[in-house]
Each structure stands twice: as structure tokens, then as C-alpha cells.
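Q: This is the structure, below, for whatever I ask next.
Read the figures in this text as sums done on the coordinates, not as results from a lab. Since the model is a prediction, treat every value here as computed from it, not as a measurement. Neighbour counts run over all protein chains shown; Cβ positions are idealised from the backbone, glycine included.
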Amino acid sequence: NAGVMQNPRHLVRRRGQEARLRCSPMKGHSHVYWYRQLPEEGLKFMVYLQKENIIDESGMPKERFSAEFPKEGPSILRIQQVVRGDSAAYFCASSPEGYNEQFFGPGTRLTVL
Amino acid sequence: KQEVTQIPAALSVPEGENLVLNCSFTDSAIYNLQWFRQDPGKGLTSLLLIQSSQREQTSGRLNASLDKSSGRSTLYIAASQPGDSATYLCAVNSGYSTLTFGKGTMLLVSP
């Protein structure tokens, strides 16, 4: 049973470009969460999704960031017009239902030049 | 707003010692609490999940306790080994299905 998969593992973008981060939850999990870990800071919640629905996006920056979890395919976290401050590790987690144990992927490390 | 604090921020012990990592949270209305391990440059590995109705959970050399009323949890590691060296994170689920994390305790176990 494969765990949570994220790709790419490392992503380098220049300022102003777009970054797309992908997350495939564990088999049987329909709840996906995105967290961000900035250098020297703790993990911060960004967004919580179920298939085709955004349940909670209270941690998502108001501009440039969006997330989706389509009926088919992985969840996508999209960052438009990246800036240096977006450089961080982005982690995806999944659970079979809400309030359950969350299982994390290996993360995508985004570097903005 | 839930806040999670972990003490100490860093800990260095010789191999074989028993040790305790502390986690405190400000809002006692929680659904569950998870302890994770994070190795440098890696993802998070879930170690233990304690439901709000439970007092403790055990897995091998690890034991986690929860005192919801006082807003505290401890992670006890018995007979520490160099392979236990990592950052240990405490995370609280306060009922919105999202986790609030502490900043972690960086543990170094020397041979």
C-alpha cells in the first residue's frame, strides 16, 4: 500500500513563474491537507480538501495561491508569480475521513531564485 | 486560536538514556493529538495518535500521554538509540480536521 506521494520532490523556479505541486493521497483516503514549512518555522496549515470541494482554506494566502482536488487525479497546489518568500517545503497529508490520523508525504521543496 | 509549544527546543543525550519530550496546548477542546518524527530534509512519520478520550498510547519504546484538562502531552522514549536522532513534532487537531503544530524538539542521541 503506497503512502502519500508528492511530486516533484524538488522544484526550482525564478521569480514570476508558476509552481505546480502534486499530491496523490493514500489509497482509500478522500481527505487531503496541505501544509507549508518555512525555514526556521513550524508547519502551518494551508488548505483542506475533499474530492471536488475545498473544505477550509483559512491558511492559504489570499493571492497567488490556489488548490484543487479533482474527481480524478492528484490534488494540485498552484502558486502563481512566485516570490522568494514562497521558498519552503510544502507537505501534503491525507486521511480516510476528517479528524483521523493524518499521513504525510515526503514534501516538495520549492526554491525561488 | 490554538497554540502549541514544545519544550525543550533541543536535547542531547547519550545512548541508552530514557527521555521525555513535552508538548503543551492552549485550548483543551481537542479531538486528538499526534506525535511525529521528522528527519532532516525528509517528510513526517506518524509515531502515535492519541484520541481526546484516551490517556496514553504505546508503540515499542515510545509512550505518549495526554492530559487534556491541563493542556499537556508527553512523549517518553525508553532506552534511546542514535537512530532516534530527529526532530519530534507534536500536533493538535482542534476540531476543524486541521493540525496545529509545535516547532518541535530536535533530539540528538550520541553513541
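Q: Do we have any residue at all in the stretch B:10-21 that's within 14 Å of chain A (Cβ to nearest Cβ) and in contact with a Leu (Cβ under 9 Å, 6 or more places away or on another chain)?
A: So the first thing to find is which residues in the stretch B:10-21 are within 14 Å of chain A (Cβ to nearest Cβ), and the list is B:10.
Among the residues that remain, those that are also in contact with a Leu (Cβ under 9 Å, 6 or more places away or on another chain) are: B:10.
Yes, that holds for at least one residue.
Q: Could you name every one of the strands (runs of 3 or more DSSP E) located completely within chain A that has at least 2 residues being touching a Pro at 6+ places or on another chain (Cβ under 6 Å)?
A: Result: A:19-24.
Q: Give the residues of the stretch A:68-113 that are closer than 17 Å to residue A:31 by Cβ and away from chain B (no Cβ under 13 Å), sorted by residue number.
A: Within the stretch A:68-113, A:68, A:69, A:70, A:71, A:72, A:73, A:74, A:75, A:76, A:77 meet the criteria.
Q: Could I ask something else about it? Mind listing whichever residues of the stretch B:73-96 are touching a residue at least 24 places away in the same chain (Cβ under 8 Å), within 11 Å of chain A (Cβ to nearest Cβ) and part of a loop (DSSP other than H, G, I, E, B)?
A: B:94, B:95
Q: Just a yes or no: is a residue in the stretch B:45-68 aliphatic (A, V, I, L, M), surrounded by 19 or more Cβ atoms within 10 Å (Cβ to Cβ) and part of a loop (DSSP other than H, G, I, E, B)?
A: Checked the stretch B:45-68: no residue is aliphatic (A, V, I, L, M), surrounded by 19 or more Cβ atoms within 10 Å (Cβ to Cβ) and part of a loop (DSSP other than H, G, I, E, B).
Q: So, in the stretch A:68-113, of the ones that are among the small types (Gly, Ala, Ser) and in contact (Cβ under 8 Å) with a residue 60 or more places away in the chain, which residue ends up nearest to residue A:56 (Cα to Cα)? Reasoning before the result, please.
A: Taking the stretch A:68-113 first, the residues among the small types (Gly, Ala, Ser) are A:73, A:75, A:85, A:87-89, A:93-95, A:98, A:105, A:107.
From what's left, in contact (Cβ under 8 Å) with a residue 60 or more places away in the chain: A:93-95, A:98, A:105, A:107.
Values: A:93: 14, A:94: 14, A:95: 15, A:98: 12, A:105: 20, A:107: 20 Å.
That would be A:98.
Q: I've got another one for you. State all residues of the stretch B:97-111 that are part of a loop (DSSP other than H, G, I, E, B), within 11 Å of chain A (Cβ to nearest Cβ) and at negative phi; if no residue qualifies, say none.
A: Start the filter on the stretch B:97-111 by keeping residues that are part of a loop (DSSP other than H, G, I, E, B), which leaves B:97-98, B:102-104, B:111.
Cutting the leftovers down to within 11 Å of chain A (Cβ to nearest Cβ) gives us B:97-98, B:102-104.
Scanning the stretch B:97-111 gives B:98, B:102, B:103.
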